[in-house]
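The values are calculated or read from the model by the stated rules, or taken from the named source; none is laboratory data. Source: prediction; values computed, not measured. Glycine also receives a Cβ, built like all others from the backbone with ideal geometry; neighbour counts cover every protein chain displayed. The protein model used for the area step is the full one, side chains on, heavy atoms only, and it has no ligands, DNA or RNA in it. Shrake-Rupley method; radii C 1.70, N 1.55, O 1.52, S 1.80 Å.
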Amino acid sequence: MLESLLTQLEKQHLIAAFALVGGAMYLSYIVSDKLTRGRVHGSAIAIMVGLILAYVGGIATGGTKGLADISLFAGLGLMGGGMLRDLAIIATAYGVRFQEIREAGMSGVVALFLGVIVSFVAGVAIAYAFGYRDPVILTTIGAGTATYIVGPIAGAAIGASSEIIALSIAAGLFKSILVMIMTPMLARHIGLDNPRSAMIFGGLMGTTSGVAAGLAATDPKLVPYGAMTATFYTGLGALLAPSVLYLAVRAIF
Amino acid sequence: MVIYGVALLAGCMLVGLWAGDVLGMLLDIDSNVGGVGIAMLLLIFIGGYLSDKHKMPASTESGITFWNGMYIPIVVAMAASQNVAAAIDGGLIALFASLAAVSASFALIPLFGRSSKKKPSSDAPSTDQAPLSAPSVASSHSRPTR
């Protein structure tokens with residue numbers, strides 16, 4: 001009987017992945033609520049759980065696709081693969097209005113570009129300091145330092161290895177957690193008390209989950225403004241990292 | 001119908017990724033150049049245009065917002081299927097890189113501080129801020145009231 005259940009789970013692997021991720025997210029949001037009192041957003045904990053599971057799967061199988069190497073969890077590879085990931089990230093852009101972006105004016109646009117480039121350069125500099133010299137690796141880690149979405153997009157586009165992509169996700173994840181924790185602590189010092197500054201903040205930081213959670217802990221009214229520019233950041237990063245920034249890195253190193 | 005929203009989203013993605021491929025060929029780099037970003041911009045403009053024309057009924061919209069809501073779960077699945085075991089050796093890079101990026105980004109905020117202080121706070125909306133209606137992202141969060 002148990003065997004037929006396992007067979008069924010293997011057959012319906014994508015559906016099983018939906019159920020597994022749903023369960024993991026449910027537990028993560030409980031942990032976020034009870035243990036961190038919402039300070040670390042549930043989504044960040046869920047992603048961390050995903051990375052831990054991938055580590056366990058990788059150790060158990062010696063494969064390169066984390067938990068997806070275990071046939072029971074093969075659906076995770078499809079669910080988290082490039083096709084559905086790109087569809088979902090594009091969907092987040094829906095509802096963002098160009099007119100509203102214009103309200104943040106030139107400073108919002110400058111913040112967006114500056115935010116992407118500064119994070120990218122910081123990531124490249126640290127990777128360089130750790131001894132990496134390959135432009136593909138430097139670019140992928142720099143892109144991941146922008147956000148954990150841009151890292152895999154850039155990495156996949158320029159042909160980075162899975163471990164470097166995992167590293168770039170980890171960098172983006174750390175960034176998201178840091179923003180969640182530091183935003184409410186620094187909000188008063190940086191004048192984060194109106195929609196305009198929230199938009200600039202979202203454009204500079206980028207990491208949508210980090211900005212949304214950090215602003216929620218500061219003033220829930222500011223969340224949509226920061227989240228909107230943060231969403232643009234991801235698009236801009238996905239546009240710049242595998243193209244202009246990669247070419248720049250390749251020209252320098 | 002829900003499928004209209006999904007189809008619009010899919011269409012934007014296909015056109016965006018195709019444009020990214022073409023751009024990559026033109027720039028002579030063997031990769032997709034920002035296809036996802038182009039697709040997002042397409043969705044912003046086409047989606048915005050259609051909803052301005054009241055051609056986006058709730059059911060059509062839900063075909064897009066469903067995938068919007070699946071964004072974090074898909075990222076979780078993506079994280080769970082990466083080669084983390086091999087990356088763990090380099091975990092310190094991830095930590096230092098993010099620390100450097102976040103510190104630098106926070107340090108930049110005062111550069112924009114003057115422009116934000118010039119504006120009155122959110123309690124007293126100026127003419128500049130008044131037309132700033134809550135972005136539709138707000139629908140999933142609390143709507144800002146002023």
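Taken residue by residue, region A:222-231 has at least one member that is open to solvent by less than 30 Å² (accessible area, probe 1.4 Å) and closer than 30 Å to A:Arg133 by Cα.
Looking for something in contact with a helix residue (DSSP H, G or I) (Cβ under 7 Å, 6 or more places away or on another chain), under 27 Å from A:Gly203 (Cα atoms) and at pLDDT 90 or above - is there at least one such residue anywhere in region B:78-92? So far as region B:78-92 goes, no, none of its residues is in contact with a helix residue (DSSP H, G or I) (Cβ under 7 Å, 6 or more places away or on another chain), under 27 Å from A:Gly203 (Cα atoms) and at pLDDT 90 or above.
Quick check on this structure: which one of A:Ala44, A:Ala17 is out of contact with any Phe, Trp or Tyr (no Cβ under 8 Å at 6 or more places or on another chain) and in a helix (DSSP H, G or I)? Can you show your working first?
Values: A:Ala17 fails: out of contact with any Phe, Trp or Tyr (no Cβ under 8 Å at 6 or more places or on another chain).
Going through A:Ala44, A:Ala17 in turn, just one is out of contact with any Phe, Trp or Tyr (no Cβ under 8 Å at 6 or more places or on another chain) and in a helix (DSSP H, G or I): A:Ala44.
Would you confirm whether any residue within region A:144-154 is β-branched (Val, Ile, Thr), open to solvent by 30 Å² or more (accessible area, probe 1.4 Å) and in contact (Cβ under 8 Å) with a residue 60 or more places away in the chain? No; the residues of region A:144-154 include none that is β-branched (Val, Ile, Thr), open to solvent by 30 Å² or more (accessible area, probe 1.4 Å) and in contact (Cβ under 8 Å) with a residue 60 or more places away in the chain. Scan region A:207-219 and tell me whether some residue there is touching a Ser or Thr at 6+ places or on another chain (Cβ under 6 Å), among the hydrophobic types (A, V, I, L, M, F, W, C) and under 19 Å from B:Ala104 (Cβ atoms). No, region A:207-219 contains no residue that is touching a Ser or Thr at 6+ places or on another chain (Cβ under 6 Å), among the hydrophobic types (A, V, I, L, M, F, W, C) and under 19 Å from B:Ala104 (Cβ atoms).
A:Leu215 passes every criterion in (1) closer than 18 Å to A:Phe113 by Cβ; (2) aliphatic (A, V, I, L, M); (3) touching a residue at least 12 places away in the same chain (Cβ under 8 Å) apart from (1). From the set of residues in region A:171-185 that are at the interface with chain B (Cβ under 7 Å from one of its Cβ atoms) and modelled with pLDDT of 90 or more, which is nearest to B:Ala85 (Cα to Cα)? It comes out as A:Ala171.
Out of contact with any Phe, Trp or Tyr (no Cβ under 8 Å at 6 or more places or on another chain), among the β-branched types (Val, Ile, Thr) and surrounded by fewer than 24 Cβ atoms within 10 Å (Cβ to Cβ) - does that describe any residue in region A:209-218? Scanning region A:209-218 turns up at least one residue that is out of contact with any Phe, Trp or Tyr (no Cβ under 8 Å at 6 or more places or on another chain), among the β-branched types (Val, Ile, Thr) and surrounded by fewer than 24 Cβ atoms within 10 Å (Cβ to Cβ). Evaluation of A:Met1 against the conditions (1) within 13 Å of chain B (Cβ to nearest Cβ); (2) open to solvent by 70 Å² or more (accessible area, probe 1.4 Å); (3) more than 16 Å from A:Ala213 (Cβ to Cβ) shows that the sole unmet condition is (1). Across region A:67-124, the number of residues qualifying as under 18 Å from B:Phe66 (Cα atoms) and either of a type in the set (Phe, Trp, Tyr) or crowded, with 20+ Cβ neighbours inside 10 Å (or both) comes to 14.
Could we say that A:Met185 is aliphatic (A, V, I, L, M) and within 13 Å of the chain's Cα centre (by Cα) here? Even if it seems obvious, please write down each step before you answer.
Values: aliphatic (A, V, I, L, M): yes; within 13 Å of the chain's Cα centre (by Cα): no.
Here the answer is no, as A:Met185 does not meet what is asked.
Helices (runs of 4 or more DSSP H) fully within region B:1-116 that include at least 1 residues being open to solvent by less than 70 Å² (accessible area, probe 1.4 Å) and more than 7 Å from every other protein chain (Cβ to nearest Cβ): B:2-26, B:35-52, B:58-69.
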